[in-house]
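One structure below.
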Amino acid sequence: MAQIPGQEDKEKTTALKDLLSRIDLDELMKKDEPPLNFPKTLEEFEYAFNEQGQLRHTKTGDRFVFNARDDLHRWNQKRYEALGEIITQHVYQLLETKCNLTKEIVPVDAIEEEPQSFIYLSADAMSNPSKLLVLIHGDGVVRAGQWARRLIINQDLDSGSQIPFINRAKEEGYGVMVLNPNLNHREVEKQTKTTPLPSPEATDEPAQKRERKDDRESRKKRDFYEKYRNPQKEGETELIPIRENSSPEEHVLYVWDRFVSKAAARNVFVIAHSYGGLSFVNLMKHREAEVKSRACAVAMTDSVHNIWHQEVSKSVQEWLHQHCRNWVSSPEPLDTPVEPMLTDCPRVSADDIMTDVLVKMRAVPQSHAPKCYLQGSKQHAKHGIKACGWPETLL
């Protein structure tokens, strides 16, 4: 018997609809997403840093576990982000208590009501007549005092924070300046405009009929999307930029003009990671003469700068080649030259395939300008900075 055209497709569609009608969505989605209400302190999270600077659960002693709840990736991610914000505040506290740094508000003339950022300075950052170390982290969620939040949470404070660099630099007589290039906005709750409901008199349709129609056409769709596609609707926010510090590049320029250029140190050294390298090159582009007269050496790690896209001059390229070095992730032995992408600062191996190569630092003199060397390895990442040798000519 010949089959009516389209009948097979119709039967398949009917069968699919029947199958979908039998699926229990609650069982499919396992369960509703828990509230996005997370602890506000490490104690409430039941985590703490031990004597080795490792984050451990206070009851079990285990490392941090990302997948606290199965099949709830979004909730786990939000939980991780909440812990990350607590880590940021904890590092700020350590910069002030363990490193004895002072928070300086930027812009320096900010009024109380406007959005503000800040940096950290050692007591002698502006007055040290000899040498100043400037730290610039990369992009993303990290803030002042951090190289990599992931390393702080999963390994230890020495591996992911700038604290070992700061303490060693202070021991060797350096003034220290810790920049905060990712804090560019104040996040505030967005004021939502409410749309007034139409007046019953505005339509001839009976109220009961309108209600039934709304239930029939909208409720099922609304419940599905709100419950499963967007389990918890988060409040809308807007970002208010911080004056003269609304981007990492702006921040580095501002701090140079208002702090570094006014510091007493004759020799300025810079360590810049990832996007921090791009921000430094941008600084060179706009303050070439000033930077050349003060900066002695720049150590970059996995810097993402690009002299072509940033359109820097030939003289800046030559200066970068002489005074900078970029340690990049590579399986080659430490300091092995790596094929340069562009003709600016030399690229050398950090002796590791990890992206986080800011683990161990030593500086050695070379001609009249010392070069900063950063070593990275999984062993170093595990144990953090053990020793730093600084240029004897500058001690």
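The values are calculated or read from the model by the stated rules, or taken from the named source; none is laboratory data. The structure displayed is predicted, hence computed values, not measured ones. A quick note on method: Cβ atoms are made from the backbone with ideal geometry, for glycine too, and the neighbour counts reach across all protein chains shown. In case anyone asks, the SASA skips ligands and DNA or RNA and just uses the protein heavy atoms, side chains included. Shrake-Rupley method; radii C 1.70, N 1.55, O 1.52, S 1.80 Å.
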*Keeping all protein chains in place, calculate the accessible area per residue for the stretch 130-174 (probe 1.4 angstrom), answer in Å².*
25
*Going down the table (262/314; 170/262; 292/314; 40/78; 78/98), which pairs top 24 Å between alpha carbons?*
262/314; 78/98
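Using a Förster radius of 41 Å, what is the FRET efficiency between residue 48 and residue 190 based on their Cβ-Cβ separation? Nearest 0.05, please.
Calculated value: 0.70.
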*Determine, for each peptide in 150-156, 94-100, the mean count of other beta carbons within 10 angstrom over its residues, then list the peptides with the highest first.*
150-156, 94-100
*asked:* At 7 Å along Cα-to-Cβ for each site, give me the label-to-label distance between residue 336 and residue 98 in nm.
replied: 3.4
*All other residues with a Cβ under 13 Å from the Cβ of residue 290 taken together, and with Lys, Arg as +1 and Asp, Glu as -1, what is their net charge?*
+4
